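Chemist: Below is one structure. I have some questions about it.
The values are calculated or read from the model by the stated rules, or taken from the named source; none is laboratory data. This is a predicted model, so every value here is computed, not measured. Counting neighbours? That spans all protein chains shown, and the Cβs are built from the backbone with ideal geometry, glycine included.
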Amino acid sequence: MLLIGVAVLSSGIVALWLGLRGYIPLLTKSYAASAAFSVVIAFSLMFGLGLMLVNLF
């Protein structure tokens, strides 16, 4: 479970970095898709942190 949390968190961080660099709108070519993608990024970051915290305690 801890490995799943770390993997989800790291993929969320990578996707967040790509979104901040502006690669996501280039890939999706639409702002609605990039907005939905950022919601998915935020959820994956919170989910990964939650999994890691659950495993620590």
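Chemist: Being in contact with a Ser or Thr (Cβ under 9 Å, 6 or more places away or on another chain), part of a helix (DSSP H, G or I) and at pLDDT 70 or above is the requirement here; does residue 49 meet it?
Modeler: The answer is no for residue 49.
Chemist: Further question: Looking at segment 1-21, I want the residues that are outside any helix (DSSP H, G or I) and have a partner that is at pLDDT 75 or above with Cβ atoms under 9 Å, at least 6 apart or on another chain. Which pairs are those?
Modeler: Every condition considered, the pairs that remain are 1/51; 1/52; 1/54.
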